[in-house]
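Q: Pasting a structure below so you can have a look.
The values are calculated or read from the model by the stated rules, or taken from the named source; none is laboratory data. Everything quoted here is computed from the prediction, not taken from an experiment. For neighbour counting, all protein chains shown are included, and Cβ atoms are generated from backbone atoms with ideal geometry for every residue, glycine included. These area figures cover heavy atoms from the full protein model, side chains too; ligands, DNA and RNA do not enter into them. Shrake-Rupley method; radii C 1.70, N 1.55, O 1.52, S 1.80 Å.
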Amino acid sequence: MFIYISTIIFAVAILLFCWSCYKRFRLLMLGKSVDRFKDFGPRLKNVIFYVFGQRCTVNHGYRFGWNHLVLFWSFMFLLIANTEFLFEGLFPDSVSFSMLPVSLYILIEIASVLALLAVCIAMLRRLAFPPSYIEARSMDAFVILGLIALLMVAFFGLHASEIAKGELEATFMPVSNFVASTLFSDVKQETLNDYIEAFWWLHAIVLLAFLNYLPYSKHMHILTGIPNVFFKSLTKVNTQIREDFKKGNVFGVGQINLFTWKDLMDSYSCTECGRCSDNCPATNTGKSLNPRLVIHDIKANLLKNGPFFDNKKAPVLPLIGKGGEGSVSEEVLWSCTTCGACMEVCPVSIEHVPKIVDMRRNLVEMNAKMPGELLTFFESMEQRSNPWGIVPSDRVKWATDITVKPFEAGKTEYLFYVGCFGAFDARSRKVSLAISKILDAGGISWGILGKDELCCGDSMRRLGNEFVFDRMTKDNIKILTDKGIKKIITQCPHCFNTLKNDYRQYGLELEVIHHTELINNLIKAGKLPLNVNGADLGNVVIHDSCYLGRYNGLYDVPREVISSVTGRAATEMDRCLEKSFCCGAGGGRMWMEEEGKRINVTRVEEALKKDPKTVCVSCPYCLTMFEDGLKSTKADDKVQVLDVAEIVSMGLK
Amino acid sequence: MLVITCVKQVPDTTQVRVDPVTGTLIRDGVPFIINPYDTHALEEGLRLKEKYGFRTVVISMGPPNTEVTLKKAIALGADEAVLLSDRAFGGADTLATSQVLSEAIKKLGEKEEVAIVICGRQTIDGDTAQVGPGIATRLGYSQLTLVDSIESVDLKAKKIRVRRKLEGRHEIVEAKLPAMIAVLKEINSLRYPTVPMRLMAEDSKATLWDNKIMGLQETTIGLKGSATQVRKIFSPQRASGEIIGEGLKDPKEVSRLLIDRLMEKHVLSL
Ligand SMILES: Cc1cc2nc3c(=O)[nH]c(=O)nc-3n(C[C@H](O)[C@H](O)[C@H](O)COP(=O)(O)OP(=O)(O)OC[C@H]3O[C@@H](n4cnc5c(N)ncnc54)[C@H](O)[C@@H]3O)c2cc1C
Ligand code: SF4
Ligand code: SF4
């Protein structure tokens, strides 16, 4: 009888689990297709790095990440033991633990002890040092942790009773052996039989319960985490997918099935660890945006609406709506600075930014719904190709007092793409002048497009106005190819990223270099005659531009330049490099009103803690945000904000 | 019932420069835009459509490239666009312009009753603010200028109530339909075209009415029908200003001096 019962229970439970997984999988397939299969090698590398190395889990100062690393690796070994156990349940006569090679015993023993410890630490932590948000202490977490703990107890109980009964070789099972000798040494043989059976069933029930609970809990990441990392985008903060502007198409994502299957898989994979929201400038300044909840709402929406799509019925819960579980509010979507901090720290490589921009696209392109100030911005962009709607002929005004040559094919090597800020904004014009001075001093052959230069379209794309971005890009590409331009120096990291990464999607491969990088190269090659003048600038605190750092991995460049010029390393803020805190201007936020605590003020306050005389930036957006923030904090008389180029130009002999 | 919006395509005057030698306008390479007031006229037309179920027709007199402007109007939701374009219409002043436009409105009225004609307050190039009133006079419509809000439209009683913005006060006016209203920018905030609408508009076409279709007498239209003629365009010399109250610190004192001086010069009066 025993045989049949276990076989039936195991078979039913396993089938149930497969059915749940299948149902979840079917929902994934509602998503649009996207090619995430190419480049097997790099994808495998990511899995090794991020999953098996648990890089994002332990990095970024998350101490408890180590606990997860231990648990993860324990699970890897326990997977062997538990797979064996499932087969044992299905085929009790033909499979048993003792069939595993003895060398594995010790590993499984160690893994079990570590897992038990890790689970206890995790529970204690949730009680004693809870993470930043309340849901981390949800029942879900305690149920899963409890189940794992119980599984380990059953494991030791089972093997200890078997050892006590002499059924199992004890040499390689020190812990079970210890339990056997301390707890079960006086137990009668018949009772031991009962123990074995009881622990075996406890183990079986807990394991099957765990298995069937997984697809319905946040611990689904145990199943989808690895494939999710495998299929992650191979570009840094990934570039938005292009849209095909054909009549009849739907633009952006306003309904759950318009996301790609990978977006949906992302939502399954969230571990609710809260790293993203911990690092989000919007969440940190009290905005309604919380990237963790955005992902959670996508999942909730999928689970709620999925069955309706399956039956070809209309969805019941709007994806973009008033907020509330399963709906993302417009306010949330407009709060994102696309800084990429969330994506940088997410341990399972969830891609928040493209989803947010996709939903913005729906608002702008399908519904023309956006904050009022964006209307003027969009019109200015469309009509004058700059954010303020200034007359294009003013694009050359910054160079009134110097001689600048127009770019000439065959004669000029680099196009200096001044950018809207560099050309129109009074403060950034000074940076343009500093860059010109450096380029001349370094003997670079460069020219400009003058009044023919157009905006690169970065803000349009991040704000979801892909239609106009698409047009602007095509206009720009025409100008660049007509003029035979191959090499471009940009002042602004946003131009840099757009020309380099976004335009590539249009088949245009340009050699784009940010001014800080070019300057660094010139310094390294000994082509810039510099005075080391560290004293004048006082304590220099450095701020990373998101689009230079997280988007393009350029962290060392500005730092190297600063130390070459000032003679000492720049002072770091508490949040720096990959974890740098956005100035608040990216993602088109520059052109929108900000409610409540301002992101730039928060960042300025952080910088002020380091007592700087100079804050060094490499982006016109950051420059503006810092200067504004210093004014708000009344520190503008004590602290100056300079671009890397200005610091270098001051140091030129 | 029709709401007809008159829109004019104008050179982006902020980008027009005066040739210092010849004193004429350099129009080369200057982009054309919809006259900013007319974008609000169009928006109001669309709002009336949504509220009262009118059909909205946009008309414009101008060269063939005006079609781009009209397509944008369609993208925003206009039902139909009529382009009045013919060499014979060229060189028109406000008299001749309002003649062609009112004839076109009459023609549209033959098929469907016209309730409201909406014009912008004025253009940024011609700047006369005469075309709207010209149309109203020629057609015998109620003439409501400087409108910053439409309070109500009563189709049964054939009445419209609007608010006019005058210097320092508002005026609520009720008038009979059909009416011509000339609107201010404050009347509404603009909508943004959705992409499907833009794509639809790309394939759309404005109906072209030339003088063969209009059949107007050559002496009433274009240059020949114009009562005014341009003799010279020049930028007036700016007289240099004067500085008042230099060296004084008290702002009250300085303002007193300034006001006295302005009254002396009859810029201000009691
Ligand atoms: C002295 C003088 C001489 C001129 N000579 C010439 C000339 O030789 N050649 C030439 O091409 N132009 C000439 N113009 C310009 C021409 O008269 C005006 O552009 C035209 O009559 C419209 O007048 P406006 O621009 O002042 O419009 P306004 O009266 O300021 O416009 C009010 C409203 O009327 C409507 N409207 C105006 N024009 C049109 C239109 N064409 N289509 C549809 N709706 C419209 C719009 O709703 C607009 O907002 C001259 C203007 C002046 C003042
Ligand atoms: S990109 Fe930045 S602002 Fe947007 S959700 Fe992520 S962390 Fe927050
Ligand atoms: S999205 Fe990523 S970082 Fe954010 S809670 Fe989920 S797993 Fe953690």
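Q: If you filter region A:382-450 for GluC sites (Glu not before Pro), then keep DSSP loop positions with at most 16 other Cβ within 10 Å, what is left?
A: Answer in residue order: A:Glu408, A:Glu413.
Q: Separate question: Please report the net charge: other residues with Cβ closer than 15 Å to the Cβ of B:Leu223, K and R +1, D and E -1.
A: 0
Q: Given the options B:Gly247, B:Gly53, B:Gly225, which has the most mean-square fluctuation in a GNM of chain B, springs set between C-alpha atoms less than 10 angstrom apart?
A: Top of the fluctuation ranking is B:Gly247.
Q: Once the whole set of protein chains is in place, how much accessible area is left on B:Asp260, using a 1.4 Å probe, in Å² to the nearest 10?
A: 80 Å²
Q: What does the charge dipole of the protein assembly as shown about its Cα centre add up to, to the nearest 20 debye, if the Cβ of each Lys and Arg holds +1 and the Cβ of each Asp and Glu holds -1?
A: My answer is approximately 1800 debye.
Q: Quick one: compute a quarter of the convex hull surface over the Cα atoms of region A:381-491 and quote it in nm².
A: 6.8 nm²
Q: With every atom except the alpha carbons ignored, what do you get for Rg and Dmax of region A:444-522, in angstroms?
A: Computed over the Cα atoms of region A:444-522, radius of gyration and Dmax are 12.5, 39 Å.
Q: Which value, in nm² and rounded to one decimal, describes the direction-averaged projected area of the C-alpha convex hull of region A:298-451?
A: Computed as one quarter of the Cα hull surface, the answer is 14.3 nm².
Q: Residue farthest toward the positive end of the dipole of chain A, with Cβ of Lys/Arg at +1 and Asp/Glu at -1: which of A:Ile5, A:Ser176, A:Ser33?
A: A:Ser33
Q: Quantify how strongly other chains surround peptide B:193-205 by giving the mean number of their Cβ atoms within 10 Å of each of its Cβ atoms.
A: 4
Q: Within chain A, what percent of beta bridges assigned by DSSP are antiparallel, to the nearest 5?
A: Around 5 percent of the beta bridges assigned by DSSP in chain A are antiparallel ones.
Q: OK, next. Of all DSSP beta bridges located in region A:376-651, what percent are antiparallel, nearest 5?
A: 0 percent
Q: If R0 is 25 Å, what FRET efficiency do you get for A:Ile479 and A:Glu605 from their C-beta distance, rounded to 0.05?
A: Approximately 0.05, to the nearest 0.05.
Q: Need one word for region B:2-220: rounded, prolate or oblate. Basis is the Cα gyration tensor (sqrt eigenvalues a ≥ b ≥ c); a/c below 1.5 gives rounded, then a/b vs b/c decides.
A: Judged from the Cα gyration tensor, region B:2-220 comes out rounded (a/c under 1.5).
Q: From the residues B:Ile172, A:Ser436, A:Ser217, which one has its Cα farthest along the dipole of the protein assembly as shown in the positive direction, the dipole being from +1 and -1 charges on Cβ of Lys/Arg and Asp/Glu about the Cα centre?
A: B:Ile172
Q: Additional query: Quick one, could you list the DSSP H helices from chain B stretching 18 Å or more along their long axis (Cα atoms) with average Kyte-Doolittle hydropathy of -0.5 or above?
A: Qualifying helices: B:94-111, B:251-264.
Q: Dividing the convex hull volume of the alpha carbon atoms of region A:376-651 by its residue count, what do you get in Å³ per residue?
A: Convex hull of Cα atoms, per residue: 125 Å³.
Q: Can you figure out the FRET efficiency of B:Val173 with A:Glu413, using R₀ = 45 Å and their beta-carbon distance, to the nearest 0.05?
A: The pair B:Val173/A:Glu413 has a calculated efficiency of 0.10.
Q: Here is the link list: A:Lys38/A:Lys262; B:Lys72/B:Lys107; A:Lys246/A:Lys313; A:Lys478/B:Lys72. Which ones come out longer than 18 Å on Cα distance?
A: Where the Cα-Cα span goes over 18 Å, the pairs concerned are B:Lys72/B:Lys107; A:Lys246/A:Lys313; A:Lys478/B:Lys72.
Q: Still on this model: Of all beta bridges DSSP finds with both residues in chain B, what is the antiparallel percent, to the nearest 5?
A: Taking every DSSP beta bridge within chain B, about 40 percent pair in antiparallel fashion.
Q: Going by the alpha-carbon gyration tensor, a ≥ b ≥ c the square roots of its eigenvalues, is region A:495-653 rounded (a/c under 1.5) or, if a/c is not under 1.5, prolate (a/b greater than b/c) versus oblate?
A: Because a/c hits 1.5 or more and a/b fails to exceed b/c, region A:495-653 counts as oblate.
Q: Next up: Inverting the mean 1/r over all pairs of different Cα atoms, compute the Kirkwood radius of region A:537-583 and quote it in Å.
A: In region A:537-583 this quantity evaluates to 10.9 Å.
Q: So if I take the alpha carbon set of chain A, get Rg, then get Rh from the Kirkwood formula, what is the Rg over Rh ratio?
A: Rg/Rh: 1.06.
Q: May I ask for log10 I(q)/I(0) of region A:171-278 at q = 0.16, 0.19, 0.20 Å⁻¹, from a Debye sum over the Cα atoms as equal point scatterers with solvent left out?
A: -0.93, -1.09, -1.14
Q: Show me B:212-222, A:268-278 ranked by packing, highest mean number of other Cβ atoms within 10 Å first.
A: A:268-278, B:212-222
Q: So what's the projected area for region A:256-367, the Cα convex hull averaged over all directions, in nm²?
A: 6.6 nm²
Q: How big is the B-A contact in terms of buried accessible area, both chains counted, 1.4 Å probe, rounded to the nearest 100 Å²?
A: Approximately 1700 Å², summed over both chains.
Q: Treating the beta-carbon of each Lys and Arg as +1 and of each Asp and Glu as -1, no other charges, what is the dipole magnitude of chain B about its Cα centre, to the nearest 20 debye?
A: 400 debye
Q: A further question follows. What per residue convex hull volume, in Å³, do the alpha-carbon atoms of region A:2-230 yield?
A: 157 Å³
Q: Report, as a whole number in µm² per second, the diffusion coefficient that Stokes-Einstein gives for region B:22-77 at 25 °C and 0.890 mPa s using the Kirkwood radius over alpha carbon pairs.
A: 188 µm²/s
Q: Also: Filter the DSSP H helices in chain A by two things, a Kyte-Doolittle mean of at least -0.5 and an axial alpha-carbon span of 24 angstrom or more, and list the hits by number.
A: Span-like helices, by this rule, are A:2-28, A:65-90, A:102-128, A:139-165, A:189-213, A:291-310.
Q: If you add up the charges near A:Val512, with Lys and Arg at +1 and Asp and Glu at -1, over every other residue whose beta carbon is less than 9 angstrom from its beta carbon, what do you get?
A: +1
Q: Net charge around A:Tyr551, counting only other residues with Cβ within less than 12 Å of its Cβ (Lys, Arg = +1; Asp, Glu = -1)?
A: Around A:Tyr551, the charge tally is -1.
Q: My understanding is that a pair violates if its Cα-Cα distance is over 21 Å; which of A:Lys32/A:Lys247; A:Lys430/A:Lys474; A:Lys451/A:Lys486; B:Lys165/B:Lys265; A:Lys287/A:Lys355; A:Lys287/A:Lys638 do that in this structure?
A: Result: A:Lys430/A:Lys474; B:Lys165/B:Lys265; A:Lys287/A:Lys638 exceed 21 Å.
Q: Does region B:47-109 classify as rounded, prolate or oblate by the C-alpha gyration tensor (a ≥ b ≥ c root eigenvalues; a/c under 1.5 gives rounded; else a/b over b/c gives prolate, otherwise oblate)?
A: Judged from the Cα gyration tensor, region B:47-109 comes out oblate (a/c at least 1.5, b/c at or above a/b).
Q: Taking every eigenvalue of the Cα gyration tensor of region A:456-589, multiplying by 5 and rooting it, what semi-axes result, largest first, whole Å?
A: Working through the eigenvalues yields semi-axes of 31, 20, 10 Å.
Q: Once Lys and Arg get +1 and Asp and Glu get -1 on their Cβ, which of A:Cys270, A:Leu150, B:Thr123 lies farthest toward the positive end of the dipole of the protein assembly as shown?
A: Most positive-ward Cα: B:Thr123.
Q: If you don't mind, there's one more thing I want to ask. Starting with the highest mean, order A:286-297, A:112-123, A:415-426 by the number of other Cβ atoms within 10 Å, averaged over the residues of each peptide.
A: A:415-426, A:286-297, A:112-123
Q: From the phi of every residue in region A:612-619, what ³J(HN,Hα) in whole Hz does the Karplus formula 6.51 cos²θ - 1.76 cosθ + 1.60 yield, where θ is phi - 60° and glycine or proline is x?
A: Each residue of region A:612-619 in turn: x, 9, 9, 9, 9, 10, 9, 8 Hz.
Q: Once you've got the GNM for chain B with C-alpha springs shorter than 10 Å, pick whichever of B:Pro133, B:Pro196, B:Pro178 has the biggest mean-square fluctuation.
A: The residue that fluctuates most here is B:Pro196.
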